[in-house]
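Okay, so here's the structure we're looking at.
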Amino acid sequence: FGEFVPLRGLFGFVPQLDQVPRDMISGTQSIVFPTEQGIVGSVISFEGAFARSMRSIAKAGAQTMVVATNESSFGISAASAQLIGLVRVNAAGAGLDTALAAITGKSTFITGAGRIGAETGQLEETVLYGSLQFNVDTPTLWVRFGEWFAALAVVVAVAALAVPGIRSSNSEEAVRREKRSGFAPSG
């Protein structure tokens, strides 16, 4: 946990929790930053990995996104690449060009189509130059409607799996009825 330790009072005996000296409080609304070029949205660190955070900022009117992060507690690990992958999916879902700016992890630019541009290495002191396009088009279906399409796909998949089961149980019942009536099935 980087910013908040749930149930801190119950787990006070775990010394590693002292590494997070205080719990941050989350905001109550999504804030965007109007600029002369367009509207910039921003999420902090691993909020970029959560679809609801990125979608909320996009719904608030963001036309491009910045994810600022400090991954020092993860050291040299796969965490930086994993965050890039998750932000990439959310950037594509929102259709927003995104800058992922990491103090210690990898930094990169991601297009609204999910393509990754130049990136830095972990713990590399450098300046990464790139540009972000402001998306002034209609928000994507995901931004407008959220997870409804995913939920609908699950319902359709479950229904498709259930239909053969319904058919086979109906067929078995028909065979039993035919046997009771004295007619043997042909074939």
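The values are calculated or read from the model by the stated rules, or taken from the named source; none is laboratory data. Just so we're clear, the structure is a prediction, and the values are computed from it rather than from any experiment. No Cβ is skipped: glycine too gets one built from the backbone with ideal geometry, and neighbour counts run over all protein chains shown.
Can you tell me how many residues in segment 148-187 are under 22 Å from the mean Cα position of the chain (by Cα) and either modelled with pLDDT under 85 or farther than 30 Å from L96 by Cβ (or both)? Residues that pass the stated criteria total 2.
The set of residues from segment 54-104 being assigned to a loop (DSSP other than H, G, I, E, B) and without any contact (Cβ under 8 Å) to a residue 24 or more places away in the chain comprises G75, S77, A78. State which residue is nearest to T69 (Cα to Cα) when the search covers only segment 85-139 and only residues that are of a type in the set (S, T, Y) and under 17 Å from the mean Cα position of the chain (by Cα). Restricting to residues being of a type in the set (S, T, Y) and under 17 Å from the mean Cα position of the chain (by Cα), the top hit is T98. Yes or no: Q63 over 14 Å from the mean Cα position of the chain (by Cα) and loosely packed, with under 13 Cβ neighbours inside 10 Å? It is false that Q63 is over 14 Å from the mean Cα position of the chain (by Cα) and loosely packed, with under 13 Cβ neighbours inside 10 Å.
Evaluation of Q29 against the conditions (1) more than 21 Å from L132 (Cα to Cα); (2) touching a Leu at 6+ places or on another chain (Cβ under 6 Å) shows that the sole unmet condition is (2).
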